[in-house]
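Contents: one structure, followed by commentary.
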Amino acid sequence: MFTTRFAPSPTGPLHLGHAFSALLASDQARLSGGRFLLRIEDIDRSRSRDRWEAQIYDDLAWLGISWEMPVMRQSDNMHAYHSALKGLWARGLLYACHCNRRDILAAASAPQEGAPLTGPDGVIYPGTCRDLPRDPASEMPQDTALRLNLRAAATVLSGPLSYVETGRPGPPQTVTAGIADLQQSAGDVVVARRDMGTSYHLSVVVDDAAQQITDVVRGKDLSEATVIHVLLQHLLGLPVPRYHHHRLIRDEAGRRLAKRDDARAIATYREAGATPQDIRRMVGL
């Protein structure tokens, strides 16, 4: 059965871009006779707030969106992320990273000719800590950033990484990339941040599998990260859903909306007397 989700972070007000993504996913589930789920991505405990979570529920309900209960909250699922990390660590696919942002920027400041400096996670990590000595039988460290070792991953996977993209014009398309491409475009990404014990990349694939998501509906700004997610799905033995990367809602200057842009918050339009139908028109639905 077609199953999709909307997965906001409770770190600020939902804006028109969120409304478009949630409405599009909800509409697709309804038209397919499928399921629409809600997930609260609150692994960043330093920025997540109960009031923003409550407003997410209010705004979505006002838009006419309904979802299955209970709502998954990532902060309740840390054991699953830890278990996935332990499995990857035991197979030698992770390594501890002790670099700070300044270290990474300094090491990456002279990239190879033709190589990109930034990727889906910002500055591409140059692999400084990858080859530090490690006891194969050592326990996975705590309170330390953990990175995915793409060199090691390449030795346990055969063939390219691929997924079905449904967000482009025309019929569904198969997108294919190799680990070598990922090494060039993203580098050894963080799968557990020191201050969180997990990361967006790891949590999202574990959660999508747990919720049996068949179709991920999200913005084009996350399309670059999808190959990272497909790689993790393969390494963890998880199913690969279809992906629908939709257009982004932008302001008059062409900038992608962000939570700091409170002028376009759904709550602001509600208070000004807008209707859910007005919001649909604003985002082109």
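The values are calculated or read from the model by the stated rules, or taken from the named source; none is laboratory data. Just so it is clear, the model here is predicted, and its values are computed rather than measured. A quick note on method: Cβ atoms are made from the backbone with ideal geometry, for glycine too, and the neighbour counts reach across all protein chains shown. Remember, those area values only see protein heavy atoms, side chains included, never the ligands or the DNA or RNA. Shrake-Rupley method; radii C 1.70, N 1.55, O 1.52, S 1.80 Å.
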Open item on the list: Looking only at residues that are in contact with a helix residue (DSSP H, G or I) (Cβ under 7 Å, 6 or more places away or on another chain) and of a type outside the set (A, V, I, L, M) in region 62-86, which one is surrounded by the most Cβ atoms within 10 Å (Cβ to Cβ)?
Closed with: 74
TODO: Return yes or no: is residue 184 farther than 26 Å from residue 46 by Cα and either open to solvent by less than 10 Å² (accessible area, probe 1.4 Å) or not in a helix (DSSP H, G or I) (or both)?
DONE: no
Task: Search result, residues across region 177-205 that are among the polar types (S, T, N, Q) and within 16 Å of residue 120 (Cβ to Cβ) - done: 183, 184, 185, 199, 203
TODO: Select, from 44, 59, the only residue that is open to solvent by less than 40 Å² (accessible area, probe 1.4 Å) and either small (Gly, Ala, Ser) or part of a helix (DSSP H, G or I) (or both).
DONE: 59
- [ ] Taking only region 194-221 into account, find how many residues are within 22 Å of residue 85 (Cβ to Cβ) and either in a strand (DSSP E or B) or modelled with pLDDT under 95 (or both).
- [x] 5
Open item on the list: Considering only region 174-193, I want to know if a residue exists there that is among the hydrophobic types (A, V, I, L, M, F, W, C) and at pLDDT below 85.
Closed with: no
Open item on the list: Of the residues 151, 193, only one is out of contact with any Cys (no Cβ under 9 Å at 6 or more places or on another chain) and either closer than 24 Å to residue 6 by Cα or open to solvent by less than 30 Å² (accessible area, probe 1.4 Å) (or both); which?
Closed with: 193
Task: Residue in region 256-285 that is modelled with the lowest pLDDT, counting only those that are of a type in the set (D, E, K, R) and assigned to a helix (DSSP H, G or I) - done: 262
Task: The listed residue being assigned to a helix (DSSP H, G or I) and under 22 Å from residue 281 (Cβ atoms), out of 19, 54 - done: 19
